[in-house]
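**Q** Got a structure for you, questions after.
The values are calculated or read from the model by the stated rules, or taken from the named source; none is laboratory data. Just so you know, these numbers come straight off a predicted model, no measurement behind them. Ideal geometry is used to build each Cβ from the backbone, glycine not excepted, and the neighbour counts take in all protein chains shown.
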Amino acid sequence: MESNPRVPFQLSSQRRKLAPPDGKPLIVHVVVNVEHWQFDQPMPRMIMTPPQGRAQIPDIPNFSWSEYGNRCGMPRLLKMLADRTILATASVNAGIIDVYPDLAKAILDAGWEFMGHGIHQRAVGGEDDEAAQIELALDTISEFTGARPRGWLGPGLSETFETPDLLKAAGIEYVCEWVIDDLPCWLTTVNGPMIAMPYNLELNDSVVYAVEKHSSPEMLRRVEETVKIFEAEIAETGEPRILTLPMHPHLSGVPHRAGYVARILDLLQGRDDTVFMTGGQIADWFVAEDAKTP
């Protein structure tokens, strides 16, 4: 009996050793989730409960929560990362390319990697033809950027039982839904292996701020404590660790949190053992290391 049907269980202490990229064992992956919340549909999440608890369409306050992030939060995050010459991976609902074309162009101009994130911010599996929806999302991004996305993150980390098989068939090399390890590992599909890329729930602004509703300094505190443990483990084992920072513009890009995001980036960038990488860069490093003779 297996713990899960996709990734065989393995203690992290028994993993094969991987050499750090360029000798930098603390790998930081910034993922900015850029989403299209449909005005004529129920909102994916709520900052404000409607009167009497009855959801209403249109849901102006909760739609505005997301819209503010795309209008005002994204320019802050784009500038913050550009000022530090950090490239992010943009987890993009393909719908933003048509709905927010100036925003999509700003991400493209920034040189960020585009990662598939469905078409709208809606759980995978609600469509009649999941394969067709995946292809539409990837084709839309490919046509806009000139490059096929290499990675995928399901909206809300959602999958069906068939999703990894369909993604692999569509040419996806890595997925971020399987938040099970601090380093990449191989995920099994009927169409061949695919990388399970480390993501994060504990350092995810959606969890910290929208679900757990912590105060603004909480993310900085968690990153500081995480780095302490990773630093000790790196010193003991010589193994790298991946620190993924999932951000949403309506959460990390608001004024009372943006300063803490800047402090997190400065804390990490100020270390001499740290390298910032996109999802594709991490995938290339992992594949090359994994191919080496043990």
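**Q** Might you check whether a residue that is surrounded by fewer than 19 Cβ atoms within 10 Å (Cβ to Cβ) and either free of Cβ contacts under 8 Å to residues at least 12 places away in the same chain or touching a His at 6+ places or on another chain (Cβ under 6 Å) (or both) occurs anywhere in the range 262-270?
**A** Yes: one or more hits.
**Q** Let me ask another. If residue 53 meets every condition in (1) among the small types (Gly, Ala, Ser); (2) on the phi > 0 side of the Ramachandran plot; (3) in contact (Cβ under 8 Å) with a residue 40 or more places away in the chain apart from one, which number is that one?
**A** Only one criterion in (1) among the small types (Gly, Ala, Ser); (2) on the phi > 0 side of the Ramachandran plot; (3) in contact (Cβ under 8 Å) with a residue 40 or more places away in the chain is unmet by residue 53, namely (3).
**Q** Moving to a separate point now. Determine, yes or no, whether residue 151 is crowded, with 16+ Cβ neighbours inside 10 Å, within 17 Å of the chain's Cα centre (by Cα), farther than 21 Å from residue 176 by Cα and at pLDDT 95 or above.
**A** The answer is no for residue 151.
**Q** Tell me which residues, restricted to the range 192-235, are surrounded by 15 or more Cβ atoms within 10 Å (Cβ to Cβ), out of contact with any strand residue (DSSP E or B) (no Cβ under 6 Å at 6 or more places or on another chain) and closer than 26 Å to residue 165 by Cα.
**A** Matches in the range 192-235: none.
**Q** Which one of these does residue 91 not meet: (1) touching an Asp or Glu at 6+ places or on another chain (Cβ under 9 Å); (2) under 21 Å from residue 29 (Cβ atoms); (3) part of a helix (DSSP H, G or I); (4) of a type outside the set (D, E, K, R)?
**A** (3) is the only condition that residue 91 fails.
**Q** Pull out all pairs, ordered by first then second residue, where Cβ-Cβ is under 8 Å, the residues are six or more apart or on different chains, the first lies in the range 155-176 and is in a loop (DSSP other than H, G, I, E, B) and modelled with pLDDT of 95 or more, and the second is buried (at least 20 other Cβ atoms within 10 Å of the Cβ) and of a type in the set (Phe, Trp, Tyr).
**A** Sorted first by the residue in the range 155-176, then by its partner, the pairs are 172/152; 176/152; 176/199.
**Q** When you look at residue 151, is it among the small types (Gly, Ala, Ser), in contact with a helix residue (DSSP H, G or I) (Cβ under 8 Å, 6 or more places away or on another chain) and under 30 Å from residue 271 (Cα atoms), yes or no?
**A** Yes: the conditions hold for residue 151.
**Q** Need pairs with beta-carbon distance below 6 Å; first residue closer than 16 Å to residue 235 by Cβ and within the range 9-29, second among the β-branched types (Val, Ile, Thr) and assigned to a helix (DSSP H, G or I); sequence gap 6+ or separate chains.
**A** Going by the 6 Å Cβ cut-off, the qualifying pairs are 25/234.
**Q** Condition first: assigned to a loop (DSSP other than H, G, I, E, B) and in contact with a Gly (Cβ under 7 Å, 6 or more places away or on another chain). Now tell me which residues in the range 18-39 satisfy that.
**A** 36
**Q** Same structure again: Restricting to strands (runs of 3 or more DSSP E) lying wholly in the range 182-294: which have 1 or more residues that are under 14 Å from the mean Cα position of the chain (by Cα) and of a type in the set (A, V, I, L, M)?
**A** Strands (runs of 3 or more DSSP E) meeting the threshold: 194-196, 241-247.
**Q** If you don't mind, another one. Regarding residue 201, is this residue in contact with a Phe, Trp or Tyr (Cβ under 6 Å, 6 or more places away or on another chain) and more than 25 Å from residue 290 (Cα to Cα)?
**A** no
**Q** Looking only at the range 88-132, filter to residues that are of a type in the set (Ser, Thr, Tyr) and surrounded by 22 or more Cβ atoms within 10 Å (Cβ to Cβ); which one of those is nearest to residue 170 (Cα to Cα)?
**A** Of everything passing the filter in the range 88-132, 91 is nearest to residue 170 (Cα to Cα).
Per-residue answers, yes or no, for (1) over 20 Å from residue 206 (Cβ atoms); (2) among the basic types (Lys, Arg):
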| position | (1), (2) |
| --- | --- |
| 65 | no, no |
| 69 | no, no |
| 72 | no, no |
| 93 | no, no |
| 105 | yes, yes |
| 112 | no, no |
| 117 | no, no |
| 128 | yes, no |
| 133 | yes, no |
